[in-house]
């Protein structure tokens, strides 16, 4: 065999020669294992573990038991439960605040003005207790912001007898033309601009209308004060100049510029009275009054007596009437404290069972040539009292056929009642004269002397629809 082949093949030949011997050793080992132990597919036993030194123990922190209460040092976050009506009407009102806040220096100015007069605020809020629940209820039914329930603070200090220089009357301050537009009757016997239920419904109708016109609550409120046409012109003027048309960007009379800031200031105080050091006495979140339908003329003094309430309280809830008798023509229900309705109905049933009339007053049509003083003497009245009971003032035209209301023999309390009946003055109070040509933006800083302690409505054209 050549030398080079031997070098290549020799390793392979040696490996082949070793295979039988290796196989034989393997078979022999398997036989020995088979003889000593039964066949099994288990893994061969592991070698004995080598002893190792023990590791130091590790302290594992125990997890908190989830069943136990976890106490947090931080105060809990305040929440509002809107599923359960609050006991306090103020809180119910706060829950419904949804009007955008107005940020203006005038808000801080009016806020300071009110906070410096805590006695005034207390009187206003105390007066509002009779009416607030009804207003909030009506706002919620319409889906309107509940801060609008505070608008009578700005308009009339919640006085249903308030009368302005622009001849605006009542808690919501309707001028005659707008009152007629919203079907508020006005005559010598009664004026529904003072009626709590009727005027509230009309005011909310009007606010809804001007909101839909502008799509903005601040502009709607400016319209309520200044007139929707005036606001529309101011908006159009800014649009023509390429300027913003929001409330803070419009030029308007001083009173209107302060109007929404005053409402915002009151809203801020009601929202967080503790922040301003004010205490708001809770108002029960239940109706203060209820209504009772009537179909006949009825004396005011008799109605108060049947309800077992003072005449002053009755007039505060029924301020529309200017005469001692509530005529059927008013088509308005009686407004009584909610807890006195059943008392009134029971006493009324007893009164009617005795066949007693609901009115002890009668009318006398003035004859040609008949003098008022002669009629007064004939019925035991002074001329001044006769005029007071019939709302006769210097501008009243007393002509033949004029209907005079006179007390019958069973009329009760007419002397005291005459002084308490609300009357619309013949001449409106004089307004503080603003400086000529003065307009301002609601976002501007108040000028010294620009605003008096009591701002009255400027004499303006009636609001037209």
Checklist outcome for this item: Expressed as a percent, the portion of alpha-carbon pairs in region 360-419 spaced more than 13 Å apart is 61
Next on the checklist: Whole percent per 5 Å bin, from 0 to the bin with the longest distance: what is P(r) over all C-alpha pairs of region 202-274?
Outcome noted: 3, 16, 25, 22, 17, 9, 5, 2, 0, 0
Checklist outcome for this item: Each label sits 7 Å from Cα toward the beta-carbon; between residue 275 and residue 208 the label points are separated, in nm, by 3.2
Next on the checklist: Based only on Cα atoms, what mean projected area does the convex hull of region 145-253 have, in nm²?
Outcome noted: 7.1
Item to check | Chain lengthening between residue 409 and residue 117 when straightened (0.36 nm per residue, less Cα-Cα) | outcome: 100.3 nm
Next on the checklist: For the pair residue 398/residue 297, report the inter-label distance in nm, with labels modelled 7 Å from Cα in the Cβ direction.
Outcome noted: 2.0
Item to check | Pairwise FRET efficiency - residue 423 versus residue 346, Cβ, R0 = 41 Å, nearest 0.05 | outcome: 0.80
Checklist outcome for this item: Least to most buried among 115, 106, 421, by other C-beta atoms within 10 Å and fewest first, runs 115, 421, 106
Checklist entry - Cα extents of region 291-359 along the three principal axes, largest first, in whole Å? => result 29, 25, 17
Next on the checklist: What FRET efficiency comes out for residue 354 versus residue 313 if R0 is 22 angstrom and r is the Cβ-Cβ distance? Round to the nearest 0.05.
Outcome noted: 0.30
Checklist entry - Okay, which of region 144-181 sit inside 20 Å, backbone N to the point 7 Å along the Cα-Cβ direction of residue 430? => result 163-168
Item to check | Among 243-251, 194-202, the order from most to least packed when residues are scored by Cβ within 10 Å on average | outcome: 194-202, 243-251
Next on the checklist: Treating only the Cα positions of region 268-402 as identical point scatterers, give the base-10 log of I(q)/I(0) from the Debye formula at each q in 0.11, 0.14 Å⁻¹.
Outcome noted: -0.59, -0.80
Item to check | Relative pair counts by distance (%), Cα atoms of region 130-181, 5 Å bins | outcome: 5, 21, 25, 21, 19, 8, 1
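No lab work stands behind these numbers, since they all come straight from the coordinates. Here the structure is a predicted model, which means the values were calculated and not measured. Note: ideal-geometry Cβ built from the backbone for every residue, glycine included; neighbour counts use all protein chains shown.
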